[in-house]
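Below: the structure, in structure tokens.
The values are calculated or read from the model by the stated rules, or taken from the named source; none is laboratory data. Predicted, not measured: the structure shown is a model, and the values here were computed from it. Methodologically, a virtual Cβ is constructed for each residue, glycine included, from the backbone with ideal geometry; neighbour enumeration extends over all protein chains shown. Please note that ligands, DNA and RNA were not included when accessible areas were found on the heavy atoms of the full protein model with its side chains. Shrake-Rupley method; radii C 1.70, N 1.55, O 1.52, S 1.80 Å.
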Amino acid sequence: MFLTKTYDKNYKALIINLLFCLLPLSIIIGSLIVNINIILFIIFSLIFFYKDFFKFKLNTIDRLVFVILIFIIFSGTYNLLENFFFPKEISPPENFPPKLKSIYLEFIRNYDLKYLALKSVGYVRFFLLYFAIRILMEKKILNIKYFFYTSSIFCLFVMLDVVFQFINGKNILGMISPHPRKLSGPFGDELIAGGYIQNFSFFLIFLPVFFKRLKKFLKFYIIFIISLIVFSIIISGNRMPLLLFLITLGFFSIFKLETLKYFILILIISLLSISFFKSIKPSINQNINHFQASIKNMVFITNKIIKGEFEDSDRQRNDFPEQFREFETSYDTWKMNKFIGGGVRSYRFNCTMRKNIEINERITCNTHPHNYYLEIISDLGIFGLLLIIFLFSIILIKSIKKVCLKTNTNNVVAYPFLMVFFAEIFPIKSSGSFFYTLNSLIIFICLAILVTLIKKDNIEFKYEY
């Protein structure tokens, strides 16, 4: 009987850990596989450990996460009922040409209430994922060591695939990047290779914690692997991931002053690499120059706004920063539903129906405003934004205290999750949609694991040399 119970427990743990460890691979394959993986993980967790779900005691942060879940459902339900019983009567601006008016009205007619309802309900899966990870971590069923392994292996694969595509024009699978200045690696039409490397490279950097023999070559390993990371992100053409990667390394090196010299060396390597690739690859040169020009224009326009010299004519400039347009459109969209927002993924619809639409702007708007916080305030209103900022702030501050300011050697295992979380919630960055499957997956994994370690006196992740 004892052997039967032990076997039963072991195979259940094996299935759960396998599904969890395959998440980095699922991201490479695509959103559909990611969603299937998440759902299977939740289902098997509920089937195998349903008793633990009922016995699980929520701590303060868990309750806050639960409140956010209820708020998202409330926001979606309220907007669904409001739009169903009191549909908005929207007319195009008077100064619109007839052709643009017809496009505008056609888009308004396609306002999809079912889509918004499904998105709000579907987003519940990430909260279920969060609580499943929390419970399985508390029960010591999830073994973080294996997640480190798969994250490192698939990150290394993506890096080498991008390098292969850079040299040969095609990746290992024969795919060609759809963009002339960026490389997609194994992601096909999606230009997210740099973002994937940026997130999962932190696990690759800290991988030696599981291999005692690597400690002898730790300095060489760190310099080599970070140089490869920087090299692969640069040639991928994704500029923000490189900046976030360096900012994150620089921020956390402050807490360990002995690592500052390594960060300075990494910074020098990065600058030399950028200069080298600019000189040998016109597409990279163009990509970096465009990024530099965007930053200069943003500083220039910001300076004019501060001095009170900004005029409407500045919006018509060809070099007017797209980020400012996103800010203006998201601000006008937010004013339509100030307190509870329009619901998850509603920005693409509500942005088109806002006031102050200019003749020369994109009529259908983007699907999201390319900044997490602008999207959250548009979709969940000021109340939703405050709840999420409060949650992020608590977790970040408590995690830094636990991981960075204590000398327990076990704490190093938590560093990658904290660094990924820091990079993901960094406020001043251009990003994908907060509610997009891949971004939400990364955020909720980090949330669950960091919340688990916060409540412990000592971090007790299961790992061995």
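Numbers for the structure displayed
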{"read-out": "Most to least packed among 151-163, 234-246 [average Cβ atoms within 10 Å]", "value": "234-246, 151-163"}
{"read-out": "By average C-beta atoms within 10 angstrom, highest first, the peptides 70-77, 19-26", "value": "19-26, 70-77"}
{"read-out": "Burial ranking of peptide ranges 336-346, 387-397 (average Cβ count within 10 Å, highest at the top)", "value": "336-346, 387-397"}
{"read-out": "Placed amide H near Asn59: partners under 5 Å, 5+ positions off or other chain", "value": "none"}
{"read-out": "Above-threshold pairs, the threshold being 22 Å between Cα atoms, out of Lys12/Lys455; Lys182/Lys429; Lys139/Lys455; Lys281/Lys429; Lys182/Lys281; Lys57/Lys398", "value": "Lys12/Lys455; Lys281/Lys429"}
{"read-out": "For the range 123-226, accessible area per residue (1.4 Å probe, heavy atoms of protein chains only), Å²", "value": "43 Å²"}
{"read-out": "Residues whose placed amide H lies under 5 Å from that of Ile340, excluding near-sequence neighbours", "value": "Ile382"}
{"read-out": "In Å, descending, principal axis extents of the Cα set of the range 112-233", "value": "50, 44, 20"}
